[in-house]
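Structure first, commentary second.
The values are calculated or read from the model by the stated rules, or taken from the named source; none is laboratory data. Given the structure is predicted, the values throughout are model-derived calculations rather than measurements. Virtual Cβ from ideal backbone geometry, glycine too; neighbours counted across all protein chains shown. Please note that ligands, DNA and RNA were not included when accessible areas were found on the heavy atoms of the full protein model with its side chains. Shrake-Rupley method; radii C 1.70, N 1.55, O 1.52, S 1.80 Å.
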Amino acid sequence: GDPLTVTVNFCAPLTKGEFEVQVRLMRATRSTQHWMAELTQGDNGVVAFATAVFATRRESWSHQQKTMPEAPAPGTIAPLVSAGIANWAQQYQFRFVEGTPDYNGETRRENPASAFSKMWLSDATPRTVDFPSLLSMSDTFFARIFHVLGVIVPIGTVSLTTAFHADAADLAAEDTTTVLGVADANIFHKSFSDQTGQLWSPDGRLLATTTQTCYFKA
């Protein structure tokens with residue numbers, strides 16, 4: 001089947017060097033397969049582990065409750081300048097519709113700003129969106145606390161879950177290199193926060209949703 005959900009839990013930093021990934025099938029039915037993957041590295045033991053559910057999707061009643069947020073065409077928006085930001089971010093092109101990053105200062109905002117942002121997202125070298133790229137794109141939203149405080153503080157993702165709402169045939173029909181990403185947060189409390197995200201095709205199909213639990217020091 002096709003990916004249905006993937007959850008990754010980050011236990012410790014991954015250092016440069018060799019690592020090992022062990023994958024095993026936990027359970028399989030006629031409709032689903034449940035997999036477990038563990039990433040280990042030397043004396044660090046388990047650095048990250050993941051569960052993934054694959055499913056055979058069958059024709060059924062269908063209804064998309066959410067509607068795609070309005071956004072001007074991506075070609076009308078200048079891309080975010082990537083020079084000087086993290087290497088991973090340079091692998092993407094961000095065209096912000098709302099909530100453009102603005103946290104170059106060293107002083108927190110006196111009044112917390114909105115955690116919401118909306119952007120067109122594509123790979124720096126365009127590629128047709130598929131399951132691996134959707135999974136990667138679900139972790140491209142900048143930490144919401146940066147938007148709220150207006151400064152960069154130490155953060156780290158503890159757990160990331162991505163749910164896919166399209167199968168391979170749906171993605172092939174969309175045939176797009178660009179998605180609309182919408183991100184927000186609900187609460188920041190006692191060193192942890194949540195983060196939510198949606199990835200939409202330009203034609204208005206909800207392709208994937210994501211949730212994160214993040215650690216922060218502020």
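A few points about this structure:
- Segment 154-218: C-alpha pair distances exceeding 18 Å, %: 45 percent
- For segment 108-176 and segment 14-52, distance of Cα centres in Å: 23 Å
- Farthest toward the positive end of the dipole of segment 103-218, out of 132, 153, 168, is the Cα of 153, where the dipole comes from beta carbon charges about the Cα centre.
- Estimated [θ] at 222 nm from DSSP helical runs (n ≥ 4, -39500 (n - 2.57)) normalised by residues in the chain, nearest 500: -2000 deg cm²/dmol
- Between 189, 9, 50, the Cα set farthest toward the positive side of the dipole of the chain (charges on each charged residue's Cβ, about the Cα centre) is that of 189.
- In this structure the amide hydrogen of residue 57, modeled in the peptide plane, comes within under 5 Å of the amide hydrogens of 2, none closer than 5 places in sequence on its chain.
- 28 Å Cα cut-off, lysine pairs counted over the chain (separation 8 or more, or different chains): 5
- Backbone geometry of segment 166-175 corresponds, through the Karplus equation with coefficients 6.51, -1.76 and 1.60 at θ = phi - 60°, to 3J(HN,Hα) couplings of 9, 9, 4, 5, 4, 5, 5, 5, 5, 6 Hz, x marking Gly and Pro.
- Volume in Å³ per residue [convex hull over Cα atoms, computed for segment 1-128]: 223 Å³
- Shape of segment 1-49, Cα gyration tensor, a/c cut at 1.5: prolate
- Note on the chain: with charges restricted to the Cβ of Lys and Arg (+1) and Asp and Glu (-1), its dipole about the Cα centre is near 400 debye.
- Note that segment 88-93 has calculated 3J(HN,Hα) couplings of 4, 5, 6, 7, 10, 10 Hz, one per residue in order, obtained from phi through the Karplus relation 6.51 cos²θ - 1.76 cosθ + 1.60 (θ = phi - 60°); glycine and proline are x.
- For the chain, carbon and sulfur atoms together expose 52% of the accessible surface, with a 1.4 angstrom probe and every protein chain in place.
- Amide hydrogen neighbours beyond the local backbone of residue 207, cut-off 5 Å, H modeled: 199, 200, 201
- Max mean-square fluctuation residue, GNM over the chain, Cα-Cα springs under 10 Å, options 201, 60, 31: 60
- For residue 92, distant residues with modelled amide H under 5 Å away: 124
- In order along segment 180-195, the phi-based Karplus estimate (6.51 cos²θ - 1.76 cosθ + 1.60, θ = phi - 60°) of 3J(HN,Hα) comes to 9, x, 10, 9, 7, 9, 9, 7, 10, 7, 6, 6, 9, 9, 9, 7 Hz; Gly and Pro are listed as x.
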